[in-house]
Amino acid sequence: MKYFDSKYFHYKDSELYCENVPVKKIVDIYGTPAYIYSKNFFKDRFLEFDDAFKKVKHKIFFASKSNFNLNVIKIFSDLGAGIDVNSSGELYRALKAGVNPKNILLTGVGKTKDEIILGLENNVLLIKAESLQEVILINKLASKLGKKADVALRVNPDVDAKTHPYISTGLAENKFGIDSSSALDIFIECSKLPNINMCGIDMHIGSQITTVEPFVEAVIKMSELTKKIISAGINIKHFDIGGGMGVIYNDEKPFTPKELADVLVPIFMGINCDIFFEPGRYLTANGGILATEVLYTKQNKKKNFVVVDAAMTDMLRPSIYKAYHHIQPIQLKNQQDIKADIVGPVCESGDFLAKDREVENVEAGDFLAVMSAGAYGMVMSSNYNARRRAPEIIVDGSDFYITRSRENFEHLLYDEKIISQLHK
Ligand code: LLP
């Protein structure tokens, strides 16, 4: 069995710990499935990234889509990060976490009128637009509110990020941003709009990128374009390279922030802009686990199955991207490994956390940890099968706190009611 061991999630006397707390102690209190995060992982990752780029004026905007827990947002914000929000819901969460709107970027390929208005009313730092039509709409709405909107345009640099097709965003065939060949003309057109201050250029080429080459290729293209835009008299102050920095789930060998800085800083030096980053996964993925209990084990002629109480509703990544996450015991028993599918209780064949996986031979009542679940885990959970969403616990040294409780049955109904007229 392969397992993941780090300073933040490690074994001591065969017990999995998060920082200084045995994970079993947490699941005994809060039950399973449960998300457990390491605050000090988040902190150290942010500081490592920030330090790597200290030679250029920069700001890191944590992509809250990867983990929008209020306390996680606040941990990054308190460290000096800005927050990247992709919807009015994420904007609401960032504001609730106490983030200053002047540290918020409003992103999104299809923002609605209401989302743009909310961004304008809250005076976010920048609205990142993805089409000429959107900038025209922002101009109209800003004019109604008597404001001048600070806007960045996302340009699609048409580079291959060499990642899963569903999380690749910088190719011409993808829906994101404006075409780089018409970008200069669109910037010029937008800069003429009276209620728009065109001040940023933005890209995001994909997610879970493990080599620096796609970033270098895209940043070179974008910096050339930026120089042309500035020469046309448009005052571009922010150059945003997006997120996408890859992490280790299995045996990937991603670059470090320092390695990325070594190749990008010389290019950044050639443009006179503040550099923005929007990492999500890099800051959160390896800082969280999903703890789950084994409910049953069974065999058929072909396979072993380990049925656990976490499902695709809690962790969707394996089902939709065939994503790999280490799955390992919360208490090692040093038993022989078996090969098994680790599956959840939802009525779908696609409800699995791992297929044909070597795991320690477990039995009902044992606990497992789905590793590297801090990014795109809880945020992609759902209530399918009327399942209640898991709680989120954050560990800080020897302390741990429940930051969001397991949903109760009332949450499942929210405002739903029986309409008597429908049943006459
Ligand atoms: N900025 C923009 C504009 C984005 O669209 C994204 C992610 C990020 C930043 C952060 O990317 P990161 O550093 O986390 O790679 N659900 C997928 C990932 C989708 C990413 C979408 N956009 C997954 O579970 O792998």
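The values are calculated or read from the model by the stated rules, or taken from the named source; none is laboratory data. Note that the structure is predicted; figures quoted are calculated from it, not measured. A quick note on method: Cβ atoms are made from the backbone with ideal geometry, for glycine too, and the neighbour counts reach across all protein chains shown. What goes into the accessible areas is simple: the full protein's heavy atoms, side chains included, and nothing from ligands, DNA or RNA. Shrake-Rupley method; radii C 1.70, N 1.55, O 1.52, S 1.80 Å.
A few remarks follow.
- Antiparallel bridges, percent of DSSP beta bridges restricted to the range 107-279 (to nearest 5): 5 percent
- The charge dipole of the chain, taken about its Cα centre with unit charges on the Cβ of Lys, Arg, Asp and Glu (plus for the first two, minus for the last two), comes to roughly 700 debye.
- Efficiency of FRET from Cβ geometry, GLU224 and SER6, R₀ 35 Å, rounded to 0.05: 0.35
- Computed over protein heavy atoms with a 1.4 Å probe, the accessible surface of the chain works out to 44 Å² per residue.
- Other residues with beta-carbon under 13 Å from the beta-carbon of ASN272 carry, at +1 per Lys or Arg and -1 per Asp or Glu, a net charge of +2.
- Label separation (CYS347 vs GLU48): 4.4 nm, computed from points 7 Å beyond Cα along the C-beta direction.
- Other-chain or far-sequence residues with amide H under 5 Å of ALA63's (modelled H): ASP84, GLY280
- Sum of side-chain charges, LYS74 neighbourhood, beta-carbon under 11 Å (Lys, Arg +1; Asp, Glu -1): +2
- Within the accessible area of the range 107-279 (1.4 Å probe), percent carbon and sulfur: 52 percent
- Cut-off 12 Å between beta-carbons: net charge of the residues surrounding PRO194, Lys and Arg +1, Asp and Glu -1: +4
- Cβ crowding within 10 Å averaged over residues, with 382-390, 77-85 ranked highest first: 77-85, 382-390
- Computed from the C-beta positions of ALA232 and ILE136 and an R0 of 30 Å, the FRET efficiency is 0.95 to the nearest 0.05.
- If you bin all the Cα-Cα distances of the range 15-70 at 10 Å, starting from zero, the percentages per bin are 18, 38, 28, 13, 3.
- Contour excess over end-to-end distance, with Cα ends at ASN272 and GLU121 and 0.36 nm allotted per residue: 51.4 nm
- Reference-scaled alpha-carbon Rg (2.2 N^0.38 Å with N residues) for the range 83-181: 1.13
- Backbone phi angles across the range 47-55, fed through the Karplus curve with coefficients 6.51, -1.76 and 1.60 (θ = phi - 60°), yield HN-Hα couplings of 5, 5, 5, 4, 5, 4, 9, 5, 6 Hz in residue order; Gly and Pro are listed as x.
- Only one residue of ALA161, ALA291, SER223 has its Cα farthest out toward the positive end of the dipole of the chain, where Lys and Arg carry +1 and Asp and Glu -1 on Cβ, and that residue is SER223.
- The translational diffusion coefficient of the range 111-242, from Stokes-Einstein at 25 °C and 0.890 mPa s with a Kirkwood hydrodynamic radius over alpha carbon pairs, comes to 163 µm²/s.
- Most tightly packed first, judged by the mean number of other beta-carbon atoms within 10 Å of their residues, the peptides 96-102, 21-27 read 21-27, 96-102.
- In sequence order, the range 164-174 has phi-based couplings of 4, x, 6, 10, 9, 10, x, 9, 4, 6, 7 Hz under the Karplus curve 6.51 cos²θ - 1.76 cosθ + 1.60, θ = phi - 60°, and Gly or Pro positions carry x.
- Every Cα-Cα pair in the chain was counted, and those over 33 Å apart are 38% of them.
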